[in-house]
Amino acid sequence: MRILPGLAILLLLSSCALRPDERTRVTPRREFAAERLDRRREPIILIPGTLGSRLHNAKTGEIAWGSFAASLSELEDDLDLPIAGPRLSDNRDQLEAYRVLDLAEVLQGEGKGEIRFYAEIIDTLTSTLGYRAAYGKRFYKGQDLFVFFYDWRRSNVEAAAQLGEFVAAIRRDLAEPDMKFTLLGVSNGGLIARYYLRHGGADVVSGRDVGAPLSPTRQGQADVRRLITLCTPHAGTLDAFKLIHEGYSPTPLARRHPPLTIFSMPAAFELLPDPGQRVFVDALGQPRSYDLWDADNWEKLGISVFSPGEREKLRYRILSQFNDDRDRDALFNAEMARRRRHLDLCLRHAARFKRAIAGAPEVPTSALCGATTPTLQRVALIEDGSEWDFVFEPRYTWRAGDPVVQAMLGMGDGVVTRRSALGQFLPGSAPGAMAAGEALRNAMTSVHLTSCRHREMFDDELLQLALIEELTR
């Protein structure tokens, strides 16, 4: 029997094709062995995102965030910040950050289980590329992965000032005053990094009008060679709005932090979709004109602590606490006035913060993000008599051509849209906002789209590999 030449080549190629056993696995540790032996690793500062640092009472030692008990029990020190201060920086409690949230025990099903958070990405960098992690406030020769932590409830401006102190401490302890770093900003950590690059530890936000002139010192440029952001909401995220409005529970079985808790945190407002974006649509998917950054709309629409349900809870709390002849209406009105003042402070502060970091970064910047999960990009605002309902999940997601689905959902990681992670604003946004977003996107030296989900991003192998590849360039 004759075998045609083309068929012979095909048979030869198929016989040579590798058919690995299903248990065969080429690991990143093996793949990047040569890079791991290279001692020229550039030092990294890992800046975690929201919820990514443990909080405790420094005097009593009670852990308010980052322990199994804290996810279940009412604590002496809850996560609420005071809201009565004339300045946001005055609203302090007894809690402070003391370590990154590397892993934690949470309630799962019938018992508790350990979940790895930042331990996953730290272990990836140490085992694959040979980094040596430093978690504390003192640093030693040979360490080159410095893990920053901060109180993620407070303004990112305060975190940037602490980042400057962190950099100074590393250089002092290692006796390397000219050391430069790669900033690895995870989610909100990328916003802190961008502020630090432009303004260092200076506060150019607090107490200033939103439109007041900015004079960037670009102090952080002297400390940084490049910036890598992981799933950072450069143009904001509606997940922050949802949490401010509804509250937050870390797991379905954990206790829920009410809207007032999230409302008390200035950093939550700094994560809102940037001004200039139209984020509300009607039942047909058409844009609504309500501006999220107009404080009057929060009461008009019943957002967060101004919703009918939250107002009723306040009245009940006053009624249960004060059984004397005190004027309960006066107490209610005084508390609502405090909430209005706090809202106004937070919105102006957050808008100024976003303006302070707008535009292209000052160092080479890379972005890694998720792009395969439907992610909220607009909220449906439905009128119901004298009240308004916010719809955060479209009802008919299976209708590919449904205009509401098309308006509400975009590509992303389930929390941050692809657009926002790349610095881009929603189509139809204000021209100034669009221009600033395009400047950031065009300045990015590399972009990696992955299939990661935001709250499980460190489990995504493609994101891990993209980060390793980026760090070995």
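The values are calculated or read from the model by the stated rules, or taken from the named source; none is laboratory data. No experiment lies behind these values; they were computed from the predicted model shown. FYI the Cβ positions are ideal-geometry reconstructions off the backbone, even for glycines, and counts take in every protein chain you see.
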Next item on the list: Looking for whichever is crowded, with 20+ Cβ neighbours inside 10 Å and farther than 27 Å from I192 by Cα here; the options are L301, L343. Which one fits?
Entry: L301
Check: Pick from segment 309-349 the residues that are assigned to a helix (DSSP H, G or I) and in contact with a Lys or Arg (Cβ under 7 Å, 6 or more places away or on another chain): which of them is farthest from L88 (Cα to Cα)?
Finding: L319
Next item on the list: Quick one: which residue in D203, D223 is touching a residue at least 40 places away in the same chain (Cβ under 8 Å), in contact with a Phe, Trp or Tyr (Cβ under 7 Å, 6 or more places away or on another chain) and of a type in the set (D, E, K, R)?
Entry: D223
Notebook entry, point to check: more than 21 Å from K354 (Cα to Cα), within 18 Å of the chain's Cα centre (by Cα) and modelled with pLDDT of 95 or more: does that describe T251?
Noted result: no
Next item on the list: State the number of residues belonging to segment 421-472 that are β-branched (V, I, T) and assigned to a strand (DSSP E or B).
Entry: 3
Check: Can you tell me which residues in segment 276-304 are of a type outside the set (D, E) and under 19 Å from G410 (Cα atoms)?
Finding: G276, Q277, R278, V279, F280, V281, A283, L284, G285, Q286, P287, R288
Note to self: Based on this model, can you work out whether A380 counts as more than 30 Å from P28 (Cβ to Cβ), among the aliphatic types (A, V, I, L, M), modelled with pLDDT of 95 or more and outside any helix (DSSP H, G or I)?
What the structure shows: yes
Note to self: I'd like to know if segment 42-51 contains one or more residues that are at pLDDT 90 or above, under 27 Å from T237 (Cβ atoms), surrounded by 10 or more Cβ atoms within 10 Å (Cβ to Cβ) and of a type in the set (S, T, Y).
What the structure shows: yes
Check: Identify, please: which residue in segment 269-306 is of a type in the set (D, E) and closer than 21 Å to M434 by Cβ and is, among those, nearest to the chain's Cα centre (by Cα)?
Finding: E270
Check: Can you name the number of the only condition in (1) in a helix (DSSP H, G or I); (2) over 31 Å from the mean Cα position of the chain (by Cα); (3) within 30 Å of T124 (Cβ to Cβ); (4) modelled with pLDDT under 75 that A70 fails?
Finding: (2)
Check: Do we find a residue being in a helix (DSSP H, G or I) and farther than 24 Å from A58 by Cα anywhere in segment 134-156?
Finding: no
Item checked: Residue tally, condition surrounded by fewer than 22 Cβ atoms within 10 Å (Cβ to Cβ) and in a loop (DSSP other than H, G, I, E, B), over segment 359-376 -> 7
Checklist line | Conditions (1) crowded, with 17+ Cβ neighbours inside 10 Å; (2) touching a residue at least 40 places away in the same chain (Cβ under 8 Å); (3) more than 30 Å from A202 (Cβ to Cβ); number of the one not met by P308 | finding: (1)
